[in-house]
1. Can you tell me which residue in segment 397-414 is surrounded by the most Cβ atoms within 10 Å (Cβ to Cβ), limited to those that are under 30 Å from residue 23 (Cβ atoms) and either within 28 Å of the chain's Cα centre (by Cα) or in contact (Cβ under 8 Å) with a residue 60 or more places away in the chain (or both)?
2. So which residues in segment 223-239 are within 16 Å of residue 194 (Cβ to Cβ) and among the hydrophobic types (A, V, I, L, M, F, W, C), if there are any at all?
3. Inspect segment 83-105 for any residue being in contact with a Lys or Arg (Cβ under 7 Å, 6 or more places away or on another chain), part of a strand (DSSP E or B) and in contact (Cβ under 8 Å) with a residue 24 or more places away in the chain and give the result as yes or no.
4. Taking the condition over 29 Å from residue 289 (Cα atoms) and surrounded by 20 or more Cβ atoms within 10 Å (Cβ to Cβ), does residue 97 pass?
5. Here's a check for you: in segment 365-396, which residue that is touching a helix residue (DSSP H, G or I) at 6+ places or on another chain (Cβ under 9 Å) and more than 20 Å from residue 349 (Cβ to Cβ) is surrounded by the most Cβ atoms within 10 Å (Cβ to Cβ)?
6. Say we look at segment 72-82 and pick out the residues that are within 26 Å of the chain's Cα centre (by Cα) and in a strand (DSSP E or B); which of these is surrounded by the most Cβ atoms within 10 Å (Cβ to Cβ)?
7. Are there any pairs, at least 6 apart or on different chains, whose C-beta atoms fall under 6 Å, with the first in segment 275-293 and farther than 11 Å from residue 123 by Cα and the second aromatic (Phe, Trp, Tyr) and assigned to a strand (DSSP E or B), and if so, which?
8. With the requirement that a residue be within 15 Å of the chain's Cα centre (by Cα) and surrounded by fewer than 20 Cβ atoms within 10 Å (Cβ to Cβ), what does segment 121-136 give you?
Amino acid sequence: MFQSKLFTKSKKESPADELSRNAQLLIRAGYIYKEMAGAYAYLPLGLRVISKIKSIISEEMDAIGGQEILMTALQRKELWEVTDRWNDENVDVWFKSELKGGQKVGLGWSHEEPVSEMMKQYIHSYKDLPLYVYQFQTKFRNELRSKSGILRGREFVMKDMYSYCKDADQHNVFYKSVIDAYINVFNRVGLSDYVYITSASGGAFTEFSHEFQAISEAGEDTIYVDKSKKVAVNDEVYNEKTLKDLGLNEKDLEKVTSIEVGNIFDFGKMKSEQLGLSFTKEDGNSEYVHLGSYGIGVTRLMGTIVELFNDEKGIIWPDSVAPFKVHLIGLNLDNADVLKKVNDAYDKFQKAGIEVLFDDREMSAGGKFADSDLIGVPYRVVVSAKTGDKVEVKRRGESESALVSLDNLISDIK
(Lines give C-alpha, C1' and ligand atoms only; values in the text may rest on other atoms or scores of the structure.)
Protein backbone atom coordinates (compact mmCIF):
# COMPACT_ATOMS: atom_id res chain seq x y z
CA MET A 1 0.00 0.00 0.00
CA PHE A 2 1.17 3.51 -0.87
CA GLN A 3 0.69 5.80 2.12
CA SER A 4 -0.15 8.70 -0.20
CA LYS A 5 -3.23 6.72 -1.28
CA LEU A 6 -4.36 5.99 2.28
CA PHE A 7 -7.37 8.23 2.85
CA THR A 8 -6.88 8.35 6.62
CA LYS A 9 -4.49 10.92 8.09
CA SER A 10 -2.76 10.89 11.45
CA LYS A 11 -3.78 13.33 14.19
CA LYS A 12 -1.38 15.05 16.59
CA GLU A 13 -3.91 15.51 19.39
CA SER A 14 -5.97 12.86 21.16
CA PRO A 15 -9.77 13.17 20.97
CA ALA A 16 -11.02 15.25 23.91
CA ASP A 17 -13.82 12.79 24.72
CA GLU A 18 -11.62 9.68 24.81
CA LEU A 19 -10.02 8.70 28.12
CA SER A 20 -8.75 5.26 27.14
CA ARG A 21 -5.28 4.83 25.72
CA ASN A 22 -6.42 2.30 23.10
CA ALA A 23 -9.02 4.64 21.57
CA GLN A 24 -6.73 7.66 21.67
CA LEU A 25 -3.94 5.91 19.77
CA LEU A 26 -6.15 3.99 17.36
CA ILE A 27 -8.07 7.12 16.39
CA ARG A 28 -4.94 9.28 16.08
CA ALA A 29 -3.19 6.66 13.93
CA GLY A 30 -6.19 6.16 11.67
CA TYR A 31 -7.18 2.62 12.65
CA ILE A 32 -10.70 3.40 13.86
CA TYR A 33 -13.33 6.14 13.61
CA LYS A 34 -15.70 6.91 16.47
CA GLU A 35 -19.36 6.90 15.45
CA MET A 36 -20.64 7.30 19.00
CA ALA A 37 -19.80 6.07 22.50
CA GLY A 38 -19.34 2.31 22.28
CA ALA A 39 -19.53 2.15 18.47
CA TYR A 40 -16.50 2.45 16.19
CA ALA A 41 -15.87 2.02 12.47
CA TYR A 42 -12.76 0.08 11.44
CA LEU A 43 -10.67 1.79 8.77
CA PRO A 44 -8.21 0.13 6.32
CA LEU A 45 -5.35 -0.17 8.85
CA GLY A 46 -7.69 -1.34 11.61
CA LEU A 47 -9.37 -3.88 9.38
CA ARG A 48 -5.99 -5.38 8.51
CA VAL A 49 -5.29 -5.94 12.23
CA ILE A 50 -8.76 -7.44 12.75
CA SER A 51 -8.14 -9.75 9.80
CA LYS A 52 -4.83 -10.96 11.32
CA ILE A 53 -6.47 -11.66 14.68
CA LYS A 54 -9.39 -13.48 13.06
CA SER A 55 -7.02 -15.58 10.98
CA ILE A 56 -5.12 -16.74 14.07
CA ILE A 57 -8.35 -17.57 15.87
CA SER A 58 -9.72 -19.44 12.84
CA GLU A 59 -6.59 -21.56 12.57
CA GLU A 60 -6.85 -22.58 16.23
CA MET A 61 -10.63 -23.25 16.06
CA ASP A 62 -10.25 -25.30 12.87
CA ALA A 63 -7.42 -27.29 14.46
CA ILE A 64 -9.78 -28.61 17.17
CA GLY A 65 -12.55 -29.47 14.73
CA GLY A 66 -14.51 -26.23 14.52
CA GLN A 67 -16.61 -25.44 11.44
CA GLU A 68 -17.28 -21.78 10.63
CA ILE A 69 -20.85 -20.52 10.15
CA LEU A 70 -22.57 -17.13 10.24
CA MET A 71 -25.87 -16.67 12.09
CA THR A 72 -28.25 -13.73 11.85
CA ALA A 73 -28.00 -10.76 14.19
CA LEU A 74 -31.81 -10.41 14.25
CA GLN A 75 -33.30 -12.55 17.03
CA ARG A 76 -36.85 -13.82 17.58
CA LYS A 77 -38.36 -12.81 20.89
CA GLU A 78 -40.29 -16.10 21.12
CA LEU A 79 -37.13 -18.23 20.99
CA TRP A 80 -35.42 -16.38 23.82
CA GLU A 81 -38.61 -16.43 25.93
CA VAL A 82 -38.36 -20.23 26.00
CA THR A 83 -35.13 -19.97 28.02
CA ASP A 84 -36.28 -16.86 29.94
CA ARG A 85 -33.39 -14.81 28.58
CA TRP A 86 -35.62 -12.26 26.82
CA ASN A 87 -36.55 -10.99 30.27
CA ASP A 88 -34.68 -7.75 31.02
CA GLU A 89 -34.26 -8.82 34.64
CA ASN A 90 -32.18 -11.79 33.50
CA VAL A 91 -30.41 -10.16 30.54
CA ASP A 92 -30.18 -6.38 30.76
CA VAL A 93 -28.15 -5.66 27.60
CA TRP A 94 -30.72 -6.30 24.87
CA PHE A 95 -31.26 -3.88 22.01
CA LYS A 96 -34.94 -4.55 21.23
CA SER A 97 -37.01 -3.35 18.30
CA GLU A 98 -40.17 -4.17 16.36
CA LEU A 99 -40.80 -5.21 12.77
CA LYS A 100 -43.33 -3.34 10.67
CA GLY A 101 -45.75 -6.23 11.17
CA GLY A 102 -45.55 -5.82 14.93
CA GLN A 103 -43.24 -8.78 15.73
CA LYS A 104 -40.73 -7.95 18.47
CA VAL A 105 -37.08 -8.69 17.70
CA GLY A 106 -33.71 -8.18 19.34
CA LEU A 107 -30.15 -7.71 18.13
CA GLY A 108 -27.98 -10.66 19.12
CA TRP A 109 -25.82 -10.25 22.22
CA SER A 110 -25.01 -14.01 22.23
CA HIS A 111 -26.18 -16.99 20.15
CA GLU A 112 -26.71 -20.13 22.28
CA GLU A 113 -30.45 -20.17 21.62
CA PRO A 114 -30.53 -19.65 17.82
CA VAL A 115 -27.58 -21.97 17.14
CA SER A 116 -29.15 -24.71 19.29
CA GLU A 117 -32.53 -24.21 17.63
CA MET A 118 -30.86 -24.59 14.24
CA MET A 119 -29.08 -27.75 15.37
CA LYS A 120 -32.46 -29.47 15.89
CA GLN A 121 -32.43 -29.80 12.09
CA TYR A 122 -29.04 -31.51 11.99
CA ILE A 123 -28.56 -33.47 15.24
CA HIS A 124 -30.67 -36.61 15.46
CA SER A 125 -28.38 -39.50 16.41
CA TYR A 126 -25.27 -40.11 18.50
CA LYS A 127 -23.55 -40.50 15.11
CA ASP A 128 -24.05 -36.75 14.56
CA LEU A 129 -22.04 -35.92 17.68
CA PRO A 130 -19.77 -34.30 18.65
CA LEU A 131 -20.29 -31.15 16.58
CA TYR A 132 -18.48 -27.82 16.95
CA VAL A 133 -19.40 -24.60 15.13
CA TYR A 134 -18.08 -21.06 15.44
CA GLN A 135 -18.65 -17.66 13.88
CA PHE A 136 -17.26 -14.15 13.71
CA GLN A 137 -20.13 -11.76 14.13
CA THR A 138 -21.02 -8.26 15.23
CA LYS A 139 -22.68 -8.45 18.64
CA PHE A 140 -24.86 -5.76 20.20
CA ARG A 141 -25.00 -5.06 23.92
CA ASN A 142 -26.79 -2.07 25.43
CA GLU A 143 -24.01 -1.33 27.91
CA LEU A 144 -24.66 1.38 30.47
CA ARG A 145 -20.94 2.26 30.46
CA SER A 146 -18.97 2.60 27.23
CA LYS A 147 -15.96 4.62 28.26
CA SER A 148 -13.07 2.28 27.54
CA GLY A 149 -12.70 2.63 23.79
CA ILE A 150 -12.97 -0.71 22.01
CA LEU A 151 -12.54 -2.62 25.29
CA ARG A 152 -16.26 -2.22 26.08
CA GLY A 153 -18.49 -1.59 23.12
CA ARG A 154 -22.18 -1.51 22.40
CA GLU A 155 -21.33 -2.94 18.99
CA PHE A 156 -18.29 -5.20 18.63
CA VAL A 157 -16.88 -8.20 16.78
CA MET A 158 -16.85 -11.51 18.64
CA LYS A 159 -15.80 -15.06 17.90
CA ASP A 160 -18.33 -17.39 19.50
CA MET A 161 -18.10 -21.18 19.33
CA TYR A 162 -20.68 -23.76 20.39
CA SER A 163 -20.01 -27.43 21.11
CA TYR A 164 -22.62 -30.20 21.04
CA CYS A 165 -21.66 -33.46 22.74
CA LYS A 166 -23.43 -36.67 23.73
CA ASP A 167 -22.36 -36.56 27.39
CA ALA A 168 -20.21 -34.82 29.98
CA ASP A 169 -17.14 -36.95 29.25
CA GLN A 170 -17.16 -36.09 25.57
CA HIS A 171 -17.76 -32.45 26.43
CA ASN A 172 -14.92 -32.28 28.96
CA VAL A 173 -12.40 -33.56 26.43
CA PHE A 174 -13.37 -30.80 24.01
CA TYR A 175 -13.59 -28.16 26.77
CA LYS A 176 -9.95 -28.85 27.67
CA SER A 177 -8.94 -28.65 24.02
CA VAL A 178 -10.56 -25.20 23.80
CA ILE A 179 -8.52 -24.03 26.81
CA ASP A 180 -5.35 -25.11 25.01
CA ALA A 181 -6.51 -23.49 21.76
CA TYR A 182 -7.29 -20.23 23.53
CA ILE A 183 -3.88 -20.18 25.18
CA ASN A 184 -2.37 -20.71 21.71
CA VAL A 185 -4.38 -17.75 20.38
CA PHE A 186 -3.28 -15.41 23.16
CA ASN A 187 0.33 -16.55 22.87
CA ARG A 188 0.31 -15.99 19.12
CA VAL A 189 -1.05 -12.43 19.38
CA GLY A 190 1.71 -11.55 21.84
CA LEU A 191 -0.07 -11.86 25.20
CA SER A 192 1.70 -14.92 26.62
CA ASP A 193 3.09 -12.97 29.59
CA TYR A 194 -0.24 -11.36 30.46
CA VAL A 195 -3.14 -13.84 30.16
CA TYR A 196 -4.30 -16.11 32.99
CA ILE A 197 -7.01 -18.77 33.09
CA THR A 198 -9.43 -17.40 35.67
CA SER A 199 -12.24 -19.05 37.64
CA ALA A 200 -15.27 -16.77 37.58
CA SER A 201 -19.03 -16.39 37.76
CA GLY A 202 -21.08 -17.35 34.72
CA GLY A 203 -23.17 -14.14 34.72
CA ALA A 204 -26.16 -14.41 32.38
CA PHE A 205 -24.80 -17.70 31.04
CA THR A 206 -24.09 -20.29 33.77
CA GLU A 207 -23.31 -20.44 37.48
CA PHE A 208 -19.55 -20.70 36.92
CA SER A 209 -17.20 -20.17 34.00
CA HIS A 210 -13.56 -19.88 33.02
CA GLU A 211 -12.30 -16.52 31.83
CA PHE A 212 -9.06 -15.56 30.16
CA GLN A 213 -7.90 -12.36 31.82
CA ALA A 214 -5.04 -10.12 30.61
CA ILE A 215 -3.34 -8.15 33.37
CA SER A 216 -3.69 -4.45 32.60
CA GLU A 217 -4.39 -1.27 34.54
CA ALA A 218 -6.91 -0.41 31.82
CA GLY A 219 -9.13 -3.33 32.84
CA GLU A 220 -12.39 -3.29 34.78
CA ASP A 221 -11.98 -6.66 36.54
CA THR A 222 -10.13 -7.52 39.72
CA ILE A 223 -8.49 -10.92 39.87
CA TYR A 224 -6.12 -12.77 42.22
CA VAL A 225 -3.22 -14.30 40.31
CA ASP A 226 -0.98 -17.25 41.13
CA LYS A 227 1.84 -16.51 38.68
CA SER A 228 3.65 -19.78 39.29
CA LYS A 229 0.56 -21.84 38.40
CA LYS A 230 -0.57 -19.42 35.67
CA VAL A 231 -4.13 -19.34 37.05
CA ALA A 232 -6.32 -16.74 38.75
CA VAL A 233 -9.61 -16.23 40.60
CA ASN A 234 -12.06 -13.46 39.81
CA ASP A 235 -12.94 -11.22 42.74
CA GLU A 236 -16.64 -12.11 42.30
CA VAL A 237 -16.04 -15.73 43.37
CA TYR A 238 -13.02 -15.17 45.61
CA ASN A 239 -13.55 -16.97 48.94
CA GLU A 240 -12.02 -19.70 51.10
CA LYS A 241 -14.09 -22.47 49.51
CA THR A 242 -13.12 -21.47 45.98
CA LEU A 243 -9.43 -21.33 46.89
CA LYS A 244 -9.64 -24.74 48.55
CA ASP A 245 -11.46 -26.29 45.59
CA LEU A 246 -8.81 -24.91 43.22
CA GLY A 247 -5.89 -25.90 45.42
CA LEU A 248 -4.70 -22.30 45.78
CA ASN A 249 -3.03 -20.64 48.75
CA GLU A 250 -4.03 -17.07 49.61
CA LYS A 251 -0.42 -16.06 50.35
CA ASP A 252 0.60 -17.04 46.79
CA LEU A 253 -1.98 -14.73 45.17
CA GLU A 254 -1.46 -11.20 43.86
CA LYS A 255 -4.38 -8.80 43.46
CA VAL A 256 -4.34 -7.14 40.01
CA THR A 257 -6.58 -5.34 37.52
CA SER A 258 -7.31 -7.12 34.25
CA ILE A 259 -9.19 -7.18 30.94
CA GLU A 260 -11.36 -10.18 30.10
CA VAL A 261 -10.33 -11.27 26.59
CA GLY A 262 -12.10 -14.63 26.46
CA ASN A 263 -14.50 -16.89 28.31
CA ILE A 264 -15.88 -20.44 28.17
CA PHE A 265 -19.08 -21.86 29.65
CA ASP A 266 -20.43 -25.35 30.35
CA PHE A 267 -24.22 -25.29 29.95
CA GLY A 268 -24.63 -29.01 30.50
CA LYS A 269 -28.02 -30.25 29.26
CA MET A 270 -29.99 -27.28 30.59
CA LYS A 271 -30.25 -25.32 27.35
CA SER A 272 -31.03 -28.41 25.27
CA GLU A 273 -33.79 -29.44 27.66
CA GLN A 274 -35.34 -25.99 27.41
CA LEU A 275 -35.21 -25.98 23.61
CA GLY A 276 -35.92 -29.66 23.00
CA LEU A 277 -32.57 -30.52 21.39
CA SER A 278 -32.17 -34.28 21.81
CA PHE A 279 -30.60 -37.24 20.04
CA THR A 280 -31.01 -41.00 19.91
CA LYS A 281 -28.32 -42.87 21.86
CA GLU A 282 -26.64 -46.15 20.91
CA ASP A 283 -29.23 -48.07 22.96
CA GLY A 284 -32.14 -46.40 21.18
CA ASN A 285 -33.14 -44.15 24.05
CA SER A 286 -33.41 -40.37 23.75
CA GLU A 287 -31.04 -37.99 25.52
CA TYR A 288 -30.51 -34.22 25.61
CA VAL A 289 -27.36 -32.77 24.05
CA HIS A 290 -24.56 -31.34 26.22
CA LEU A 291 -23.78 -27.71 25.26
CA GLY A 292 -20.64 -25.64 25.67
CA SER A 293 -20.12 -21.99 24.68
CA TYR A 294 -16.80 -20.26 24.02
CA GLY A 295 -16.14 -16.57 23.26
CA ILE A 296 -13.28 -14.28 22.32
CA GLY A 297 -13.87 -10.56 21.84
CA VAL A 298 -11.96 -9.88 18.63
CA THR A 299 -12.12 -6.08 18.74
CA ARG A 300 -11.57 -6.10 22.50
CA LEU A 301 -8.48 -8.22 21.94
CA MET A 302 -7.22 -5.60 19.49
CA GLY A 303 -7.77 -2.88 22.10
CA THR A 304 -6.05 -4.96 24.77
CA ILE A 305 -2.96 -5.37 22.59
CA VAL A 306 -2.76 -1.60 22.14
CA GLU A 307 -3.18 -1.00 25.89
CA LEU A 308 -0.27 -3.33 26.62
CA PHE A 309 2.05 -2.45 23.74
CA ASN A 310 2.57 1.28 23.35
CA ASP A 311 4.90 4.09 24.39
CA GLU A 312 4.80 7.88 24.36
CA LYS A 313 5.19 7.87 20.57
CA GLY A 314 2.43 5.46 19.65
CA ILE A 315 1.50 1.79 19.15
CA ILE A 316 3.98 -1.10 19.11
CA TRP A 317 2.27 -3.97 17.29
CA PRO A 318 3.43 -7.56 17.80
CA ASP A 319 4.59 -8.97 14.45
CA SER A 320 1.72 -11.44 14.19
CA VAL A 321 -1.08 -8.86 14.16
CA ALA A 322 0.60 -5.76 12.72
CA PRO A 323 -1.17 -4.31 9.66
CA PHE A 324 2.12 -4.47 7.76
CA LYS A 325 5.49 -6.04 8.55
CA VAL A 326 7.53 -3.18 7.10
CA HIS A 327 7.04 0.59 6.98
CA LEU A 328 9.18 1.68 4.05
CA ILE A 329 10.05 5.39 4.18
CA GLY A 330 11.49 7.26 1.25
CA LEU A 331 13.39 10.49 1.89
CA ASN A 332 14.91 12.87 -0.69
CA LEU A 333 12.43 11.60 -3.27
CA ASP A 334 13.29 14.47 -5.61
CA ASN A 335 16.60 12.62 -6.16
CA ALA A 336 16.12 10.25 -9.12
CA ASP A 337 18.60 7.68 -7.77
CA VAL A 338 16.91 7.57 -4.36
CA LEU A 339 13.47 7.31 -5.96
CA LYS A 340 14.59 4.35 -8.03
CA LYS A 341 16.18 2.62 -5.01
CA VAL A 342 13.11 3.02 -2.82
CA ASN A 343 10.79 1.80 -5.60
CA ASP A 344 13.07 -1.19 -6.17
CA ALA A 345 12.99 -1.90 -2.42
CA TYR A 346 9.19 -1.78 -2.44
CA ASP A 347 9.08 -4.25 -5.34
CA LYS A 348 11.53 -6.60 -3.61
CA PHE A 349 9.49 -6.66 -0.38
CA GLN A 350 6.34 -7.41 -2.35
CA LYS A 351 7.97 -10.20 -4.39
CA ALA A 352 9.26 -11.71 -1.13
CA GLY A 353 5.68 -11.80 0.19
CA ILE A 354 6.42 -9.23 2.93
CA GLU A 355 3.56 -6.83 3.58
CA VAL A 356 4.82 -3.27 3.24
CA LEU A 357 3.39 0.20 3.76
CA PHE A 358 5.33 2.61 1.51
CA ASP A 359 5.48 6.21 2.75
CA ASP A 360 5.86 7.93 -0.59
CA ARG A 361 4.45 11.27 0.61
CA GLU A 362 6.12 14.61 0.12
CA MET A 363 6.71 15.73 3.69
CA SER A 364 9.52 16.17 6.21
CA ALA A 365 11.55 13.28 7.60
CA GLY A 366 10.40 14.21 11.11
CA GLY A 367 6.74 14.03 10.10
CA LYS A 368 7.23 10.65 8.44
CA PHE A 369 9.09 9.22 11.44
CA ALA A 370 6.45 10.51 13.87
CA ASP A 371 3.68 8.86 11.82
CA SER A 372 5.68 5.65 11.62
CA ASP A 373 6.07 5.52 15.41
CA LEU A 374 2.37 6.28 15.89
CA ILE A 375 1.20 3.60 13.45
CA GLY A 376 3.54 1.06 15.08
CA VAL A 377 4.58 -1.26 12.22
CA PRO A 378 7.38 -3.63 13.43
CA TYR A 379 10.18 -2.63 10.99
CA ARG A 380 10.90 0.92 9.84
CA VAL A 381 13.07 0.83 6.74
CA VAL A 382 14.48 4.11 5.39
CA VAL A 383 15.94 4.78 1.95
CA SER A 384 17.57 8.18 1.50
CA ALA A 385 20.54 9.96 -0.06
CA LYS A 386 22.56 9.05 3.05
CA THR A 387 21.87 5.29 3.03
CA GLY A 388 23.80 4.64 -0.20
CA ASP A 389 23.43 1.07 -1.44
CA LYS A 390 22.02 -0.02 1.92
CA VAL A 391 18.88 0.71 3.93
CA GLU A 392 18.46 1.95 7.49
CA VAL A 393 16.36 -0.40 9.61
CA LYS A 394 14.91 0.15 13.07
CA ARG A 395 12.64 -2.07 15.12
CA ARG A 396 9.63 -0.28 16.59
CA GLY A 397 10.16 0.17 20.32
CA GLU A 398 13.94 0.01 20.06
CA SER A 399 16.23 3.04 20.06
CA GLU A 400 19.05 1.88 17.79
CA SER A 401 18.99 1.70 13.99
CA ALA A 402 21.41 -0.03 11.63
CA LEU A 403 22.54 0.15 8.00
CA VAL A 404 22.10 -3.24 6.32
CA SER A 405 21.83 -4.67 2.85
CA LEU A 406 18.25 -4.97 1.61
CA ASP A 407 18.66 -8.61 0.59
CA ASN A 408 19.93 -9.58 4.04
CA LEU A 409 17.10 -7.70 5.70
CA ILE A 410 14.49 -9.45 3.56
CA SER A 411 16.08 -12.81 4.40
CA ASP A 412 16.10 -11.99 8.12
CA ILE A 413 12.45 -10.83 8.14
CA LYS A 414 11.27 -13.90 6.24
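The values are calculated or read from the model by the stated rules, or taken from the named source; none is laboratory data. Being a predicted model, the structure only gives us computed values, none of them experimental. Here the Cβ is made from the backbone with ideal geometry for all residues, glycine too, and neighbour counts use every protein chain on show.
1. 397
2. Correct list: 223, 225, 231, 232.
3. So far as segment 83-105 goes, yes, one or more of its residues are in contact with a Lys or Arg (Cβ under 7 Å, 6 or more places away or on another chain), part of a strand (DSSP E or B) and in contact (Cβ under 8 Å) with a residue 24 or more places away in the chain.
4. no
5. The residue in question is 374.
6. Across segment 72-82, the extreme among qualifying residues is 75.
7. Here the result reads 291/267; 293/162; 293/265, each pair linking segment 275-293 to a residue that is aromatic (Phe, Trp, Tyr) and assigned to a strand (DSSP E or B).
8. Once the filter is applied, which keeps residues that are within 15 Å of the chain's Cα centre (by Cα) and surrounded by fewer than 20 Cβ atoms within 10 Å (Cβ to Cβ), segment 121-136 yields 135, 136.
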